[in-house]
1. Could you order the peptides 4-13, 50-59 from most to least packed, using the average number of other C-beta atoms within 10 Å per residue?
2. Rg(Cα) of the chain divided by 2.2 N^0.38 Å?
3. For the full complex of protein chains and a 1.4 angstrom probe, list 49, 104, 38 by accessible area with the highest value first.
4. Would you mind calculating the relative contact order of the chain from Cα pairs under 8 angstrom and at least 6 residues apart, reporting the percent as a whole number?
5. Could you work out the mean projected area of the convex hull around the alpha carbons of region 26-85, in square nanometres to one decimal?
6. Residue 69: net charge of surrounding residues, Cβ under 13 Å, Lys/Arg +1, Asp/Glu -1, itself excluded?
7. When the solvent-accessible surface of protein heavy atoms is calculated with a 1.4 angstrom probe, in what order do 107, 80 fall, highest first?
8. Give me the Debye-computed log₁₀ of I(q)/I(0) at q = 0.29 Å⁻¹ for region 1-47, equal point scatterers on Cα only, no solvent, two decimals.
Amino acid sequence: QVQLQESGPGLVKPSQTLSLTCTVSGGSITTNYSYWSWIRQPPGKGLEWMGAIAYSGSTYYSPSLKSRTSISRDTSKNQFTLQLSSVTPEDTAVYYCAREIPRWGPFYLDGMDYWGKGTLVTVSS
(Lines give C-alpha, C1' and ligand atoms only; values in the text may rest on other atoms or scores of the structure.)
Protein backbone atom coordinates (compact mmCIF):
# COMPACT_ATOMS: atom_id res chain seq x y z
CA GLN A 1 0.00 0.00 0.00
CA VAL A 2 1.28 3.42 -0.95
CA GLN A 3 1.57 5.96 1.80
CA LEU A 4 2.37 9.65 1.50
CA GLN A 5 3.26 12.06 4.22
CA GLU A 6 3.63 15.82 4.02
CA SER A 7 6.14 17.65 6.13
CA GLY A 8 7.38 21.19 6.53
CA PRO A 9 6.83 24.36 8.52
CA GLY A 10 3.30 25.16 9.59
CA LEU A 11 3.82 28.91 9.60
CA VAL A 12 5.31 31.05 6.84
CA LYS A 13 5.63 34.80 6.71
CA PRO A 14 4.24 36.84 3.83
CA SER A 15 6.63 37.27 0.90
CA GLN A 16 8.61 34.20 1.90
CA THR A 17 8.72 30.80 0.22
CA LEU A 18 6.56 27.93 1.37
CA SER A 19 8.45 24.65 1.22
CA LEU A 20 6.94 21.21 1.76
CA THR A 21 8.19 17.69 1.28
CA CYS A 22 6.15 14.60 0.48
CA THR A 23 7.72 11.33 1.56
CA VAL A 24 6.42 8.26 -0.25
CA SER A 25 6.55 4.69 0.97
CA GLY A 26 5.14 1.47 -0.45
CA GLY A 27 5.66 2.64 -4.01
CA SER A 28 8.21 4.41 -6.14
CA ILE A 29 7.83 7.90 -7.54
CA THR A 30 9.45 6.56 -10.69
CA THR A 31 6.83 3.87 -11.25
CA ASN A 32 5.78 3.96 -14.89
CA TYR A 33 2.96 6.37 -15.65
CA SER A 34 2.69 7.67 -12.10
CA TYR A 35 2.13 11.34 -11.38
CA TRP A 36 2.73 12.97 -8.04
CA SER A 37 0.67 16.04 -7.26
CA TRP A 38 0.31 18.83 -4.78
CA ILE A 39 -3.22 19.95 -3.94
CA ARG A 40 -4.38 22.53 -1.44
CA GLN A 41 -7.61 23.48 0.29
CA PRO A 42 -8.01 26.95 1.81
CA PRO A 43 -10.30 27.17 4.82
CA GLY A 44 -13.92 26.89 3.73
CA LYS A 45 -13.01 26.39 0.08
CA GLY A 46 -12.59 23.55 -2.36
CA LEU A 47 -9.59 21.55 -3.42
CA GLU A 48 -7.18 23.17 -5.85
CA TRP A 49 -4.68 21.22 -7.90
CA MET A 50 -1.37 23.04 -7.89
CA GLY A 51 0.98 20.95 -9.95
CA ALA A 52 2.66 17.60 -10.36
CA ILE A 53 5.84 15.81 -11.21
CA ALA A 54 5.68 12.75 -13.40
CA TYR A 55 7.57 9.48 -13.18
CA SER A 56 9.87 10.82 -15.88
CA GLY A 57 10.70 13.97 -13.93
CA SER A 58 8.57 16.24 -16.11
CA THR A 59 6.66 18.91 -14.22
CA TYR A 60 3.24 20.41 -14.76
CA TYR A 61 1.66 23.42 -13.09
CA SER A 62 -1.69 25.06 -12.69
CA PRO A 63 -1.70 28.18 -14.86
CA SER A 64 -2.80 30.30 -11.92
CA LEU A 65 0.20 29.27 -9.85
CA LYS A 66 2.93 28.39 -12.30
CA SER A 67 4.78 31.67 -11.90
CA ARG A 68 5.28 30.97 -8.21
CA THR A 69 5.44 27.17 -8.06
CA SER A 70 8.29 24.74 -8.38
CA ILE A 71 8.06 20.99 -7.89
CA SER A 72 11.12 18.80 -7.71
CA ARG A 73 12.09 15.36 -6.51
CA ASP A 74 14.80 13.32 -4.89
CA THR A 75 14.51 9.80 -6.23
CA SER A 76 17.11 8.46 -3.83
CA LYS A 77 14.83 9.42 -0.95
CA ASN A 78 11.57 8.73 -2.77
CA GLN A 79 10.46 12.27 -2.03
CA PHE A 80 9.07 15.17 -3.95
CA THR A 81 8.87 18.77 -2.88
CA LEU A 82 6.79 21.90 -3.31
CA GLN A 83 8.14 25.42 -3.36
CA LEU A 84 5.62 28.27 -3.46
CA SER A 85 7.22 31.68 -3.52
CA SER A 86 5.97 35.14 -2.57
CA VAL A 87 3.22 33.82 -0.36
CA THR A 88 0.35 35.88 0.98
CA PRO A 89 -2.35 35.09 3.55
CA GLU A 90 -4.46 33.83 0.63
CA ASP A 91 -2.06 30.89 0.42
CA THR A 92 -3.11 29.68 3.86
CA ALA A 93 -4.46 26.18 3.31
CA VAL A 94 -4.19 22.52 4.06
CA TYR A 95 -1.66 21.15 1.62
CA TYR A 96 -1.87 17.59 0.35
CA CYS A 97 0.30 15.39 -1.77
CA ALA A 98 -1.27 12.61 -3.81
CA ARG A 99 -0.57 9.94 -6.41
CA GLU A 100 -2.27 9.42 -9.72
CA ILE A 101 -1.87 6.70 -12.32
CA PRO A 102 -4.11 8.13 -15.02
CA ARG A 103 -6.73 6.05 -16.75
CA TRP A 104 -7.19 8.74 -19.38
CA GLY A 105 -5.74 12.21 -19.03
CA PRO A 106 -3.81 13.15 -15.91
CA PHE A 107 -4.47 15.67 -13.15
CA TYR A 108 -7.99 14.69 -12.18
CA LEU A 109 -8.56 14.86 -8.46
CA ASP A 110 -10.92 11.91 -8.54
CA GLY A 111 -8.20 9.87 -10.19
CA MET A 112 -5.81 10.26 -7.31
CA ASP A 113 -5.91 7.05 -5.37
CA TYR A 114 -3.50 7.76 -2.54
CA TRP A 115 -3.35 10.94 -0.50
CA GLY A 116 -1.39 12.21 2.41
CA LYS A 117 -3.24 13.36 5.48
CA GLY A 118 -2.52 16.98 4.67
CA THR A 119 -0.65 19.63 6.57
CA LEU A 120 -1.94 23.07 7.49
CA VAL A 121 0.27 25.95 6.45
CA THR A 122 -0.61 29.37 7.75
CA VAL A 123 0.76 32.49 6.10
CA SER A 124 0.88 35.24 8.66
CA SER A 125 3.22 37.84 10.06
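The values are calculated or read from the model by the stated rules, or taken from the named source; none is laboratory data. Source: prediction; values computed, not measured. Cβ: placed from backbone, ideal geometry, glycine included. Neighbour counts: every protein chain shown. In case anyone asks, the SASA skips ligands and DNA or RNA and just uses the protein heavy atoms, side chains included. Shrake-Rupley method; radii C 1.70, N 1.55, O 1.52, S 1.80 Å.
1. 50-59, 4-13
2. This ratio for the chain stands at 0.98.
3. I get 104, 49, 38, largest accessible area first.
4. Answer for the chain is 35 percent.
5. Averaging across all directions leaves 4.9 nm² for the Cα convex hull.
6. +1
7. 107, 80
8. With no solvent term, the Cα-only Debye profile gives -1.17.
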